[in-house]
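The block underneath contains the structure these notes are about, expressed in structure tokens.
The values are calculated or read from the model by the stated rules, or taken from the named source; none is laboratory data. What you see is a predicted model; the values in this text were computed from it and never measured. Cβ placement follows ideal geometry from the backbone for every residue including glycine, while neighbour counts extend to all protein chains displayed. Accessible surface areas use protein heavy atoms only, side chains included; no ligands, DNA or RNA. Shrake-Rupley method; radii C 1.70, N 1.55, O 1.52, S 1.80 Å.
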Amino acid sequence: MFFNFSFWRYVTNPSQLSMNHQSSAMRGFNLRIVFLFLSGIVIFALRDIWGMTTESLSPMLALATDGDYTIARFVSVIGAILWAVLYIAFHLFFVSYILGLLTSIPVRRIVPLQLLVTGVLLIEKALVFLVFTVKGEATNVSFLSFGPLTATFSDTWFLVMFLNQLTIISALIVSLQFSFIRSYTKTMNWKSLLAVLIGLQIVFALLTTAIGYIPFERLFNYVTSGGASS
């Protein structure tokens with residue numbers, strides 16, 4: 001027997017996806033993967049073209065020539081596209097591998113679940129981008145997260161950015177993963193499973209926040225200027 005993979009059908013009923021995936025072969029999934037990558041590339045590229053996450057290029061408007069600034073903008077867009085590919089591949093394949101290790105479910109069975117998860121993450125980014133576009137301005141924190149609330153009472157930027165990674169969508173992701181995995185392997189203790197899934201979200205939030213503190217621009221300038229010899 002076969003069943004057709006449908007994002008909108010299974011994102012609201014991941015347990016049904018789990019049951020269908022165990023009893024039937026899936027059709028139309030590879031096309032969804034291609035569409036997911038293309039959608040992510042478009043969203044990340046548009047965000048960069050509009051000006052999100054390109055604050056470091058602003059001084060070049062005054063200090064560099066028009067040609068240098070144009071090249072920098074092209075490079076920035078290419079970087080955004082590459083980051084989109086890495087971002088989607090991480091959530092689609094690497095997280096599937098981690099969940100497979102933790103639950104003993106074959107990785108190829110978890111990838112469809114993670115396609116739902118990655119799609120939801122891209123919808124979140126598209127929604128935030130749409131709101132910023134309508135307002136004509138952007139911030140470093142998402143209105144769907146705990147970041148703005150934390151910023152009202154804490155000056156610790158690491159804490160603000162950490163909680164900025166924990167959004168309403170994070171709770172939805174845990175719900176999707178919990179429903180799918182519990183339906184697939186009914187022997188796993190549900191409290192342990194829930195703790196593992198929440199723990200993963202916290203670990204990913206910490207890693208993302210820590211990466212944001214790496215001075216990539218300074219390192220790039222250091223390397224291109226000849227390092228210590230300069």
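Rounded to the nearest whole Å², what accessible area per residue is found for the range 109-174 with the 1.4 Å probe?
Details: 3130 Å² over 66 residues.
Ligands and nucleic acids excluded, the figure is 47 Å² per residue.
If I model a spin label at Trp83 and Lys135 as a point 7 Å from the Cα along the Cα→Cβ vector, what separation in nanometres do I get?
The answer from the label model is 1.9 nm.
Under a point spin-label approximation (7 Å from Cα along Cα-to-Cβ), what is the Leu31-Leu172 distance to one decimal in nm?
Reported label-point gap for Leu31 and Leu172 is 2.5 nm.
Subtract the Cα-Cα distance of Phe90 and Leu46 from 0.36 nm times their separation in residues, and report this length gain in nm to one decimal.
Fully extending the segment from Phe90 to Leu46 adds 13.8 nm.
Step through the residues of the range 116-128 one at a time and calculate ³J(HN,Hα) from phi using the Karplus curve (6.51 cos²θ - 1.76 cosθ + 1.60, θ = phi - 60°), rounding each to whole Hz and writing x for Gly and Pro.
So the Karplus estimates, Gly and Pro as x, are 4, 4, 5, x, 5, 4, 5, 4, 4, 5, 5, 5, 4 Hz.
Just to verify a number: FRET efficiency for Thr152 and Val203, C-beta to C-beta distance, R0 = 45 Å, to 0.05?
Values: r = 26 Å, r/R0 = 0.58.
Approximately 0.95, to the nearest 0.05.
I'd like the FRET efficiency for Leu159 and Ser6, computed as 1/(1 + (r/R0)^6) with the beta carbon distance as r and R0 of 30 Å, rounded to 0.05.
Values: r = 39 Å, r/R0 = 1.32.
That pair, Leu159 with Ser6, gives E of 0.15.
At a Förster radius of 25 Å, what calculated FRET efficiency corresponds to the Cβ-Cβ distance of Ala195 and Gln16, to the nearest 0.05?
0.50
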